[in-house]
Amino acid sequence: MMSCHYLLHLLLLSLLSVGVSSVEIQRPRGVPLSKRQFYEEGKSFTCLDGSRTITFDRVNDDYCDCEDGSDEPGTAACPNGSFHCTNAGFRPAFIPSSRINDGICDCCDTTDEYNSGAACQNTCRDLGRKEKESLQKLAEISKEGFLLKQQLIQEAKRGLEDKKTKLAEVQLGKKDLEEKVEAVRTVKETTEQPEKEAKERHLKAWEDEKAVIRTLKNQAKMNEVFLELDDDTDGFVSVGDLLSHSELDPDSDGSFTEAEAQGLLGGVDKVDNIAFEAVWNNIKEKYISEVNADTPAPVETPQEETREPVPDNDSEQYPEDDIPEEEEDDEEEDEDEDPDESDYKSPPTPQTQEKKDDDEEGAMPPYDEETQNLIDAAQKARDEFNEAERALREVDDQIGNLEKEISFDFGPNAEFGYLYNNCYELSTSEYIYRLCPFNRVSQKPKFGGSETNLGTWGKWSGPEDNIHSMMKYEQGTGCWQGPNRSTTIKLTCGKETVVTSTSEPSRCEYLMEFTSPAICQEPPSGSLPGHEEL
């Protein structure tokens, strides 16, 4: 729909192009032509608010008779009156009556200073000429912009058809992929079962082998300790032999008694090699070999935590919710950066008994050829399944994007569709503003600093009769102790697509001017009526 402002400009352009009549219709000074019928000389005048009727000679007599000031359209007598500037050759205008004959030229035709002696010059023709040139330029831009808009509409139609065709193809291909996913899933599950059974058999055999190794090692250690305790080589370990090892004290009270030693031997004074097995199971966790007694085991001291000093006022520097945006962004970037692997050292972890046993028993032997073949077949099936699932996810994403673009409101004829997935920038002395239509608006300092989100796409927000003339971007980065940032985009007709200006009318609320041929309207056809106010 053509805006009223635009129609008015074209109306004036039509007037200026045909010239102005040299005959001016007579009426009292300060009266517009639209109200001339109320001011007939020789007849009584009724105030326009109907409050009273006076003789016509009291009109413009420099005395206010009517409450609405309508009897003094050409003088400054009424404080609430208004004066009509004819401004032949330019635009007519109204000024407050108080400006009549005040020595300042308000009407370009000088009619407001008829009795002040001010040296006014009639500039209406010159102003009209300049406005005509400006309107002609605007009309040319509008005309060319509208032609470009028609091209955008045709391209949008072709693009829409292409997207619908592509969507149908992708949806058809999705069915094939779904069938493939189910097929490779079956193969995967079929090959994983024998793989699992073969791995379990291999692990069971290895666990059995480790158990045998541990038993033999334990038996050898037991025999070694028996011989070490049997100092007199009489073939027995006695209470006295145990008392030489204070670490075996059951209650660890520092006093290892004969009764406690006898208790470890099962209530007897001595045991032979066969009976020693039960004793060994009770003491092997505490026993320290005499061979290693003089060599103390290394003791690991826990690493002390290094803590950075905390400033005295650290807790008061910023309230929790009021951290400056740049610092927040810097922290996020630091978290995302991978640490330098060459500088990073993982803290030492104590070696578990299970790990020690594994080291003593050696690594699990490799799988036999039959088991490895089953593993390779299952892994190949898993890889094929994962690849098929990944391809299906990509197709789902592609379908979602196509459906979104097809259903998106890009204007009555999809003329704004060309803006999708494009971005436009405006550089000022301090910032670079970036507008990505239907996505987000951002601001970044020119001389270092993080980017600030000024709002993400919300909705079309123009008036009902022209809703696509404005865009609203909401829920941007929160202002410090303030609301979330938001941006309104005002679209104007232009041959180029460019951000022309930006401002911040209210705190954290931004306004951008954005020209685009997609907003241009069709110029009216035929001639328009001339101007009446002469």
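Just a few scattered comments:
- Hey, Lys221 in contact with a helix residue (DSSP H, G or I) (Cβ under 7 Å, 6 or more places away or on another chain) and either in contact (Cβ under 8 Å) with a residue 60 or more places away in the chain or open to solvent by less than 60 Å² (accessible area, probe 1.4 Å) (or both) or not: no
- Criterion: in contact with an Asp or Glu (Cβ under 9 Å, 6 or more places away or on another chain), part of a helix (DSSP H, G or I) and of a type in the set (A, V, I, L, M, F, W, C) - qualifying residue of Val181, Val212, Val225: Val181
- Neighbours by Cβ (under 7 Å, 6+ apart or cross-chain): first from the stretch 395-418, touching a residue at least 40 places away in the same chain (Cβ under 8 Å) and under 21 Å from Glu522 (Cβ atoms); second assigned to a helix (DSSP H, G or I) and basic (Lys, Arg): Glu415/Lys149
- Given (1) open to solvent by 40 Å² or more (accessible area, probe 1.4 Å); (2) over 21 Å from Leu33 (Cβ atoms), number of the condition Glu113 does not satisfy: (1)
- Of all residues in the stretch 501-515, those that are more than 17 Å from Glu430 (Cβ to Cβ) and without any contact (Cβ under 8 Å) to a residue 24 or more places away in the chain have Cβ atoms under 6 Å from Cβ atoms of residues that are open to solvent by 50 Å² or more (accessible area, probe 1.4 Å) and of a type in the set (A, V, I, L, M, F, W, C), 6 or more apart or on another chain, in Pro505/Leu511.
- Taking the stretch 12-40 as the range and being more than 30 Å from Glu133 (Cα to Cα) and either modelled with pLDDT of 90 or more or in contact with a Gly (Cβ under 7 Å, 6 or more places away or on another chain) (or both) as the test, the residues that pass are Pro28, Arg29, Lys35, Arg36, Gln37, Phe38, Tyr39, Glu40.
- Matching entry among Ser450, Ser461, Ser469 (being in contact with a helix residue (DSSP H, G or I) (Cβ under 9 Å, 6 or more places away or on another chain) and closer than 17 Å to Thr515 by Cβ): Ser469
- Against the test of being farther than 30 Å from Val31 by Cβ, polar (S, T, N, Q) and crowded, with 17+ Cβ neighbours inside 10 Å, the options Thr488, Thr492, Thr428 yield a single qualifying residue, Thr488.
- Cys85 passes every criterion in (1) in contact with a Lys or Arg (Cβ under 8 Å, 6 or more places away or on another chain); (2) open to solvent by less than 20 Å² (accessible area, probe 1.4 Å); (3) without any contact (Cβ under 8 Å) to a residue 60 or more places away in the chain apart from (1).
- The one condition in (1) part of a loop (DSSP other than H, G, I, E, B); (2) open to solvent by 40 Å² or more (accessible area, probe 1.4 Å) that Cys108 fails to fulfil: (2)
The values are calculated or read from the model by the stated rules, or taken from the named source; none is laboratory data. None of these values were measured; they are calculated from a predicted model. Here Cβ is always computed from backbone atoms with ideal geometry, including for glycine, and neighbour counts include all displayed protein chains. SASA here: full protein model, heavy atoms, side chains in, ligands and nucleic acids out. Shrake-Rupley method; radii C 1.70, N 1.55, O 1.52, S 1.80 Å.
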